[in-house]
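J.: Before I ask anything, let me first share the structure, which is written out below as structure tokens.
The values are calculated or read from the model by the stated rules, or taken from the named source; none is laboratory data. Owing to the predicted nature of the structure, the values given are computational and were not obtained by experimental measurement. Counting neighbours? That spans all protein chains shown, and the Cβs are built from the backbone with ideal geometry, glycine included.
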Amino acid sequence: MRNSFIKILTVACIALFSIKGNAQQDPMYTQYMYNMSVINPAYAIDDLGILNVGGLYRNQWAGMEGAPETANFFAHTGLTDRLEAGISIVHDEIGGIVKENNLYADVAYVLPVSQTSKLSFGVKAGVTFFDADLSLLQTREPGDPAMQNISEAFPNFGVGAYWFGNNYYVGLSAPNLFTAKHLENETGLARLGEENIHYFLTGGYVFDLNDNVKLKPAFMTRAVKGAPLSIDVTANVLLYNRFEAGIAYRFDETVSGLVNFRVTPELRIGYAYDYTTGNLSDFNDGTHEIIVLFDLDLLGLSKGYNVSPRFF
């Protein structure tokens, strides 16, 4: 049906590409403070011997036909007092038609700034595999030569900086400095979209209200050509170093609720729900995001689980 084609293609434009209006290219994350290595290669745990492993699944705009789904896996560890490394895999797709897989490796170098703070610089390198099976779209003209399979690969290279102490962090990053064009005229279609450079500014602070209660505000600002500035602000409360709950607001777009629970000292599970406040609010049932975090003390050298910026 032509209506189905238009609906799915419109969602694809909104979700993966930046054209001239409000758009999304790279996946968004509500629990960004626990998914930091995916967006900033300079992210550092400053805890030799600890292996951070995590996975996240995000079902965006649930109930909407062809809505985006994102899954990622990441692992990060300190190699020496100054050197850290990580890997990340990000899978993003729309309705089984448009799929993107990103494979990255990160390296960060950590420099002491003072007795209580450090500054790390990182690079990210990898490859993006982009696939679009347009033959799955139904149109009024079956066999349209423009509706063909597209499979491309693009190199990635990103940079970042990360300043942190025992109770705060600030990060600045561009996880992919290379731009890429998708679905160009050679397929019979006018160019549908172009991947532009995303810039991220993140930060967080921990206020110790008492021995058992911590207030953890955080923010993420994202800038990309062709789209308005995206700003997330979050306020979480951590109780007894085990249970955490909070609220978040993405300006002119979503209001969110977040919870996570430390099941064991090594395992944390979190969930976030986004309620859409923008133009798509009448067409979806919100967004669901689940994250699972493992922290393995491989060498018995850990300084303690509250040292890492991810545990703020």
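J.: Just the residues that are surrounded by fewer than 16 Cβ atoms within 10 Å (Cβ to Cβ) and either among the basic types (Lys, Arg) or modelled with pLDDT of 85 or more (or both), please, taken from the stretch 124-153.
T.: Answer for the stretch 124-153, where residues must be surrounded by fewer than 16 Cβ atoms within 10 Å (Cβ to Cβ) and either among the basic types (Lys, Arg) or modelled with pLDDT of 85 or more (or both): 125, 127, 129, 131, 140, 151, 152, 153.
J.: I'd like to know if the stretch 61-71 contains one or more residues that are more than 22 Å from residue 205 (Cα to Cα), crowded, with 23+ Cβ neighbours inside 10 Å and among the charged types (D, E, K, R).
T.: no
J.: May I ask you to list the residues in the stretch 254-307 that are polar (S, T, N, Q), within 22 Å of residue 214 (Cβ to Cβ), modelled with pLDDT under 95 and in contact with a strand residue (DSSP E or B) (Cβ under 7 Å, 6 or more places away or on another chain)?
T.: From the stretch 254-307, those polar (S, T, N, Q) are 254, 256, 260, 264, 276-277, 279, 281, 284, 287, 302, 306; that's our starting set.
From the residues that got through so far, the ones that are within 22 Å of residue 214 (Cβ to Cβ) too are 256, 260, 264, 302, 306.
Filter once more, so that each one left must be modelled with pLDDT under 95: 264, 302, 306.
302, the sole residue that qualifies.
J.: Could you grab me the full set of residues in the stretch 55-81 that are more than 21 Å from residue 256 (Cα to Cα) and assigned to a strand (DSSP E or B)?
T.: Correct list: 73, 74, 75, 76, 77, 78.
J.: Which residues, taken from the stretch 89-137, are outside any strand (DSSP E or B) and not β-branched (Val, Ile, Thr)?
T.: If the condition is that a residue be outside any strand (DSSP E or B) and not β-branched (Val, Ile, Thr), then 95, 96, 114, 115, 134, 135, 136, 137 are the ones that fit.
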